[in-house]
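One structure below.
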Amino acid sequence: MTETFTVHQGQIKTTLIQTKTFPRPESLLFIDTDFRTLKLKADDSSGREHILTVKLKTKHPTEAPECAADVPVPLAFHWTPQTTLTQLHGQFLQLLQSLTEFWDVLDEIDLKTWVLEPEKPSRSDAMRRIAIGNNASIKVEVDPKHPKMLPECCLLGAEHVVTPLRDKLNANMHLWNPECSVLSNLCDALEIQFPSRPHTKKLFQHVVKKPHNSQSEQPDSARLYCPESLSVECGICYSFRLESRIPDQVCNDPRCGQPFHQDCLYQWLRALPSTRQSFNIVFGECPYCSKCFLKLLQFLITSVWETRLS
Ligand SMILES: [Zn+2]
Ligand SMILES: [Zn+2]
């Protein structure tokens with residue numbers, strides 16, 4: 001039984017067929033006509049399917065193959081000229097095993113909450129921005145190596161919504177139980193239930209309303225049409241995603257709380273004569289309620305309302 005691959009196609013083909021050097025046939029999803037690129041399938045212990053792409057180099061097996069997979073950590077396989085593809089596949093399975101808990105944590109969040117970002121999380125995404133309600137959200141960054149520990153958290157939203165949540169999180173942080181899932185710990189720490197994703201687009205059909213600057217009108221907020229005040233579309237462009245960004249600026253007036261895209265708000269404020277600028281901060285009126293003075297960093301680097309947890 002030869003354990004080596006050569007640069008000659010015929011020999012590579014012959015070697016591949018010899019079973020001990022190669023993962024079980026059902027693991028092979030794809031192989032190109034040059035017998036250079038292979039896609040190997042592997043399931044983790046929760047039954048999720050993963051794919052390892054292996055590109056054999058011209059100096060194979062002296063040179064390690066190039067490997068790629070949708071995982072949140074860098075691939076660092078041990079390779080010697082004697083290493084077989086079966087062993088490589090085995091190393092991939094071990095890696096998947098070590099990440100099972102990480103994906104269990106994120107799958108529960110994806111299933112039971114309304115994830116605002118990323119739009120379509122991949123298996124390598126460790127971040128989730130989760131809707132809380134009242135146009136607030138929490139951004140969590142789960143550590144792939146310690147998925148059940150307290151993740152890095154960042155609360156986003158109007159100050160009057162975010163401040164009490166941040167206080168609760170800080171006060172309850174010491175009760176974090178690594179035996180429980182991140183989601184249940186977050187619910188306990190924030191003392192909330194996360195709203196689930198709305199089922200239909202109908203939710204936003206009624207939200208067709210122009211921003212107004214009339215001083216007398218009460219903020220007839222689009223939020224009124226949405227259960228649990230979960231409208232998150234921008235009050236200026238009426239869309240949720242603008243070049244993949246979602247509204248992360250919120251009017252600080254508790255009666256308004258309208259969200260805006262940073263770019264939309266900056267363009268809007270820039271056009272108003274009442275807008276003032278001090279250094280790199282823009283001050284202006286909320287396009288919806290006209291009451292609150294909005295502050296916006298001119299260079300769109302960071303939101304002044306983003307409340308970071310220490
Ligand atoms: Zn917008
Ligand atoms: Zn407002």
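No lab work stands behind these numbers, since they all come straight from the coordinates. Just so it is clear, the structure is predicted and the values come from calculations on it, not from any experiment. FYI the Cβ positions are ideal-geometry reconstructions off the backbone, even for glycines, and counts take in every protein chain you see.
Could you work out the equivalent-ellipsoid semi-axes for the stretch 107-190, taking the square root of 5 times each eigenvalue of the Cα gyration tensor, largest first, in whole Å?
Working: eigenvalues 74, 59, 20 Å².
After diagonalising the Cα gyration tensor, the semi-axes are 19, 17, 10 Å.
What's the extension gain from K120 to S278 if we count 0.36 nm per residue and subtract their Cα-Cα distance? Present the calculation step by step, with values, prior to reporting the outcome.
Details: separation 158, 0.36 × 158 = 56.88 nm, distance 3.85 nm.
Here the answer is 53.0 nm.
Two decimals, Cα atoms only, Kirkwood Rh: what is Rg/Rh over the stretch 45-97?
Using Cα coordinates only, the ratio equals 0.97.
Over the Cα atoms of the stretch 76-118, compute the convex hull volume and normalise it per residue, giving Å³. Let's see the in-between values first.
Numbers: hull volume 3.6 nm³, N = 43.
Output value, Cα hull per residue: 84 Å³.
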Given points 7 Å out from each Cα along the Cα-Cβ axis, report the S45 to S98 separation in nanometres with one decimal. 1.5 nm
Modelling each spin label as a point 7 Å along the Cα-to-Cβ direction, I'd like the S184/R24 distance in nm, to one decimal. 3.3 nm
A correct Karplus calculation of ³J(HN,Hα) over the stretch 253-260, with 6.51 cos²θ - 1.76 cosθ + 1.60, θ = phi - 60°, whole Hz and x for Gly and Pro, returns 6, x, 7, 10, x, 5, x, 9
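When ranked by the protection proxy of mean other Cβ atoms within 10 Å per residue, highest first, what sequence do the peptides 246-258, 52-64 form?
Details: 246-258: 22.6, 52-64: 15.9.
So the peptides 246-258, 52-64, ranked by packing, come out 246-258, 52-64.
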